[in-house]
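Down below is the structure, laid out as structure tokens.
Quick note: the coordinates plus some simple rules give every number you see, no bench work behind them. Every value quoted in this text rests on a predicted model; they were computed, and no experiment measured them. As a convention, Cβ positions derive from the backbone with ideal geometry for all residues, glycine included, and neighbour counts pool all protein chains shown.
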Amino acid sequence: MHCNLHVYQINSDFSIEYAEAHHNGEESENNPKYEWEDEIVINNVISVQELPSAEYCLKGSMGDKNFSYNIQNMYLFRIKTKTNTIDIGCSKSILHTHSLKQTKDGYNIKLFLKDYAPMTNPIPGIYIDVQDFPKELIID
């Protein structure tokens with residue numbers, strides 16, 4: 001099975017009235033529903049667990065120094081594959097809405113993010129409110 005992740009940053013300036021009047025209710029170049037979209041496909045999925053109030057461990061290295069920071073207040077989906085476990089999700093403060101659907105072929109996850117909350121995307125599938133991002137990792 002596989003898991004399709006679709007992430008959308010909502011455009012709060014989208015006008016449904018304009019879309020209905022001029023484009024049969026659809027978005028247009030001058031009236032997009034979303035600021036941007038991301039899509040990630042994960043293969044060999046065994047299960048998906050929804051974690052509405054979780055902690056995410058952001059690990060990596062800067063130069064020759066390793067780091068590890070726990071990010072609180074995350075809305076995560078823990079995806080178990082045949083070879084590892086992958087967390088995807090976002091800070092609860094930037095999450096507008098979400099959906100998780102299971103089909104015969106796998107899982108579909110949709111995250112809709114608020115457009116007025118500044119965020120960072122340090123790795124694919126993880127979106128963190130800049131207020132929650134470790135200050136030590138911010139480079140001027």
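With the requirement that a residue be β-branched (Val, Ile, Thr) and free of Cβ contacts under 8 Å to residues at least 40 places away in the same chain, what does the stretch 35-54 give you? Don't jump to the end; show me each part of the working.
The first filter runs over the stretch 35-54 and keeps only residues β-branched (Val, Ile, Thr), leaving 40-42, 45-46, 48.
Hit for the stretch 35-54 is 41, nothing else.
Mind checking which residues of the stretch 118-136 are under 13 Å from the mean Cα position of the chain (by Cα) and more than 19 Å from residue 41 (Cβ to Cβ)? Give the steps one after another, and end with the answer.
Looking only at the stretch 118-136, we keep the residues that are under 13 Å from the mean Cα position of the chain (by Cα), and these are 119-129.
Of everything in the stretch 118-136, those that are under 13 Å from the mean Cα position of the chain (by Cα) and more than 19 Å from residue 41 (Cβ to Cβ) turn out to be 119, 120, 122, 128, 129.
Restrict the check to the stretch 75-92 and report whether at least one residue is surrounded by 11 or more Cβ atoms within 10 Å (Cβ to Cβ) and not in a strand (DSSP E or B).
Taking the stretch 75-92 as the starting set, the residues that turn out to be surrounded by 11 or more Cβ atoms within 10 Å (Cβ to Cβ) are 75-81, 85-92.
Next, from what is left, pick out any that are not in a strand (DSSP E or B): 92.
There is at least one residue in the stretch 75-92 that is surrounded by 11 or more Cβ atoms within 10 Å (Cβ to Cβ) and not in a strand (DSSP E or B).
Among the listed residues 108, 66, identify the single one that is closer than 29 Å to residue 130 by Cβ, of a type outside the set (D, E, K, R) and either touching an Asp or Glu at 6+ places or on another chain (Cβ under 9 Å) or surrounded by 14 or more Cβ atoms within 10 Å (Cβ to Cβ) (or both).
On the way: 66 fails: either touching an Asp or Glu at 6+ places or on another chain (Cβ under 9 Å) or surrounded by 14 or more Cβ atoms within 10 Å (Cβ to Cβ) (or both).
Testing whether each residue is closer than 29 Å to residue 130 by Cβ, of a type outside the set (D, E, K, R) and either touching an Asp or Glu at 6+ places or on another chain (Cβ under 9 Å) or surrounded by 14 or more Cβ atoms within 10 Å (Cβ to Cβ) (or both) leaves just 108.
Within the set of pairs 6 or more residues apart or between chains, which connect a residue that is in contact (Cβ under 8 Å) with a residue 60 or more places away in the chain and closer than 20 Å to residue 66 by Cα inside the stretch 116-140 to a residue that is surrounded by 11 or more Cβ atoms within 10 Å (Cβ to Cβ) and of a type in the set (Gly, Ala, Ser) with Cβ atoms less than 7 Å apart?
Short answer, once both residue conditions are applied: 126/89; 128/91; 132/91.
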